[in-house]
Amino acid sequence: MTKYIRISAVIALLLISALAELRQEVPSTDIYVADIRLVDNYHQITNVTNLTRRNGYDNQPAFSRGGRYLLYNSMLQGQTDIYRHDFTTGEILQVTATEVSEYSPGWTPDNSGYSAVVVEEDGTQRLWLYSLDGEPFQPLLERVEPVGYYSWLDSTRVALFVLGDPPTLRVADVRTGLIRTVTENIGRSLQVMPGSSKVAWIDKSDPDNWMIRMYDPDNRGIESMILAVPGSEDFAWTAYGSLIMARRSIIYEWDPMGSEGWTKIADLSKSGVRNITRLAVSPSGNRIAIVADH
């Protein structure tokens, strides 16, 4: 009996150690929200607030189309679930409580549910459909995996970052199941241009000069836009069609219709914002979500 107790204790210690290592691999990040508005052709960012403010992983913010809600991921107990913040009431609701991890939450194009990248029990990563109550329905694309990130182009087409060596950009139709490989050596940020079905991404083919490019799924054309801010791989569109990127605590903006290069629009270091990664702007253009170190 004593022997079995000792063995169980060893197994327990190994599991605790493994979970500790897993948590160390995941960065401790917070989600900040702020007001953003256009002033004299460039955006100003004010009223920066730490939405999550805790030691742990909070990441991948996504605004609802009306801008009232913000979906994001939080890791508790060694796995990630989807949470929803209501800007009107201030309420934070845990949307999913599954035995698997959900990443990259977003609303489906018809607002009838959520989509998310799910790390299934066997490690398979696919794009799944969830109800508004957080109940998993089904994989949207049975044969496409491992999916890392995605962005809806319209009601049926979705752009996918598919992991591999190298990672590839694919466009899939969830209704017909048709899949097209567009290019490879892409970054993780896939951003659909407001008011269109065109998707922008970062081309990492040249390791010293990452280029933001844009794909039009209707004519299959690829357009080169601008070199990315050095050392940054996350960007977002504003409601007015400009791009924003960040490096450390500095946020930059580029207007395709005006400026020739990136312009510094905000230094958030005094607000405690350090090492900015992901960015998201509400469809109405009045709020910005920023992921940075805890």
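No value in this document is a laboratory result; all are computed from the given coordinates. None of the values given here were measured: they were computed from a predicted structure. A quick note on method: Cβ atoms are made from the backbone with ideal geometry, for glycine too, and the neighbour counts reach across all protein chains shown.
Rounded to the nearest 500, the helix-only mean residue ellipticity at 222 nm of the chain stands at -3000 deg cm²/dmol, with each DSSP H run of n ≥ 4 adding -39,500 (n - 2.57). Sequentially through region 254-259, phi angles give Karplus couplings (6.51, -1.76, 1.60; θ = phi - 60°) of 9, 9, x, 8, x, 6 Hz, Gly and Pro residues having no value and appearing as x. Placing unit charges on the Cβ atoms only, positive for Lys and Arg and negative for Asp and Glu, gives the chain a dipole magnitude near 440 debye about its Cα centre.
Under 5 Å between amide hydrogens, built in the peptide plane, is the criterion, and for Leu140 it picks out Leu127, Trp128, Leu129 among residues at least 5 positions away or on other chains. Distances between placed amide hydrogens fall under 5 Å for Glu184 paired with Leu169, all partners being 5 or more residues away or on another chain.
Cα gyration tensor of region 50-104, axes a ≥ b ≥ c as square roots of the eigenvalues: rounded (a/c below 1.5), prolate (a/b > b/c) or oblate? Intermediate values should be presented prior to the final figure.
Numbers: a/c = 1.97, a/b = 1.53, b/c = 1.29.
Because a/c hits 1.5 or more and a/b exceeds b/c, region 50-104 counts as prolate.
From the alpha carbon centroid of region 249-276 to that of region 207-232 is 19 Å.
A dipole drawn for the chain from +1 and -1 charges on Cβ atoms has a positive end, and of Gly134, Ala116, Gln79 the residue lying farthest that way is Gln79.
Near the amide H of Gly113, within less than 5 Å, lie the amide hydrogens of Thr108, all on another chain or at least 5 residues away, with H placed in the peptide plane.
Where does each of 221-229, 54-62 land if you order them by average Cβ count within 10 Å, highest first? Please report the intermediate quantities before stating the final value.
Details: 221-229: 15.4, 54-62: 18.9.
In decreasing order of mean packing, 221-229, 54-62 become 54-62, 221-229.
Classify region 147-240 as rounded, prolate or oblate, taking a ≥ b ≥ c as the square roots of the eigenvalues of its Cα gyration tensor: rounded when a/c is under 1.5, otherwise prolate if a/b is larger than b/c and oblate if not. Since a/c reaches 1.5 but b/c is at least a/b, the shape of region 147-240 is classed as oblate. Along region 185-198 the Karplus relation, 6.51 cos²θ - 1.76 cosθ + 1.60 evaluated at θ = phi - 60°, assigns HN-Hα couplings of 6, 9, x, 7, 7, 10, 10, 7, 5, x, x, 8, 10, 7 Hz to successive residues, with x for each Gly and Pro.
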